[in-house]
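Some notes on the structure that comes next.
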Amino acid sequence: MNFTSNKNNFRWIMIVMAVLITFLILWNTYDFLQQLKENERKNIQEFGISQKDLANQGLGADLGELGFTVASNTTTVPMILIDYKGGIETRNLPENISNDSIKIKKLIEIYKEENEPIITQFEGKPFSTIYYGNSDIITKTKYYPMALVIIMLLFFFVIWFFYRSNKASEQNKLWAGMAKESAHQIGTPLSSLVGWTTILKDTDVDPSYIVEMEKDINRLKMITDRFSKIGSIPKLTEVDIVDQTQKATDYIAHRSSKLVNFKIDLPDQPIQVKLNEPLYEWVIENLIKNGIDAMKGKGTISVYLKADVYNVFIQIKDTGKGIPKSQWNQIFKPGFTTKRRGWGLGLSLAKRIIKEYHKGKIRVLESKKDQGTIFEIKLNKI
């Protein structure tokens, strides 16, 4: 108990630390981005001042190197300069944009949204207006936090997926172990029952009773075989699915209340499918039993089988209370049940048998309140 508690605490500590580290990285990246933008703005201001000074020097004046140096070093920020006469000059823009006045006007509107224009003055009057965008390094840096968040989310998803897979694997091993142990425990009284039926044959007991007992003993053997195979890869053999469906349905029909009416509609011709017979019959029996429970032991169970060129479809319908559509997918999850004494394992095992072992599908085809439910199984033909 303490180990589990410490393990959970450690997991939460790691999650909190990861969130804090991510927050710090994002905050530092944002702060760095703001400083970078401020430095670029100062460079643009210096560039504007240098342009003003250069433009207002006399022809014979000593211009020096400072103005030219500042102007020539501003090569990474895209700019559009409009002087007091309305003249337009572009810097660090592609040639196809610099020569297109319409594109320049659109770009000015975009730059206005990105950064506040810089206005230089000469003798108290506006001398030029500089519209500028973000440099490539700022544009790229903006996406780094987003990329970091995506990486962190992927990291958490991998951890979560590993944890869920590991937990599911442990649960599967547990259920498989319980099933095998149950099969082992059933085997002892089953051997004894076989011996007792042999003894009863030498007495005056009605032979029909012994025949029925032997049927149930064979059924117990099949159930034991089913449980012993859970957790291992079952062997599939080529069988007639029509005959297997008929056998499974007949067994339940003969042992159900006379208040339950069975309607069976199966093809006359055999249909060959690769099956594990005990597991397939268990699925059919389980669906029929669920239908009988939904009808509270009174109603009609319909079993219908059809086939196309590639697939076989088995439909089992009851006239019970129905299943809300919101639960159609949940009913196949382990542990989910609407019964007071249910374990919620029947349909989840049925799905595993059909989907994982037989590469087929099982679903709720239709369900209406107080009218019943139709389950459909789809398997591949040979």
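The values are calculated or read from the model by the stated rules, or taken from the named source; none is laboratory data. Keep in mind it's a predicted model, so treat the numbers as computed, not measured. Glycine gets a Cβ as well: all are built from the backbone with ideal geometry, and neighbour counts include every protein chain shown. Remember, those area values only see protein heavy atoms, side chains included, never the ligands or the DNA or RNA. Shrake-Rupley method; radii C 1.70, N 1.55, O 1.52, S 1.80 Å.
Annotations
- Residues of the stretch 245-279 that are in a helix (DSSP H, G or I) and hydroxyl-bearing (Ser, Thr, Tyr): Thr245, Thr249, Tyr251.
- Residue check, Ile159 open to solvent by 50 Å² or more (accessible area, probe 1.4 Å), modelled with pLDDT of 70 or more and not aromatic (Phe, Trp, Tyr): yes
- Checking each residue of the stretch 235-245 against the condition of being more than 39 Å from the chain's Cα centre (by Cα), at pLDDT 80 or above and open to solvent by less than 80 Å² (accessible area, probe 1.4 Å) gives no match.
- Considering residues of the stretch 350-382 that are assigned to a strand (DSSP E or B) and polar (S, T, N, Q) only, the residue most open to solvent (accessible area, probe 1.4 Å): Asn380
- Strands (runs of 3 or more DSSP E) (entirely within the stretch 17-131) containing at least 1 residues that are in contact with a Gly (Cβ under 9 Å, 6 or more places away or on another chain) and either at pLDDT 80 or above or crowded, with 17+ Cβ neighbours inside 10 Å (or both): 79-83, 118-122
- Scope the stretch 300-318; condition at pLDDT 95 or above, among the β-branched types (Val, Ile, Thr) and open to solvent by 10 Å² or more (accessible area, probe 1.4 Å); matching residues: Thr300
- For Thr337: the one exception among (1) open to solvent by 60 Å² or more (accessible area, probe 1.4 Å); (2) closer than 23 Å to Ile223 by Cα; (3) at pLDDT below 90: (1)
- The stretch 174-226: number of residues that are modelled with pLDDT of 75 or more and of a type in the set (Phe, Trp, Tyr): 1
- Filtered residues of the stretch 122-136 (kept if touching a helix residue (DSSP H, G or I) at 6+ places or on another chain (Cβ under 7 Å) and more than 21 Å from Ser98 (Cα to Cα)): Phe122, Phe127
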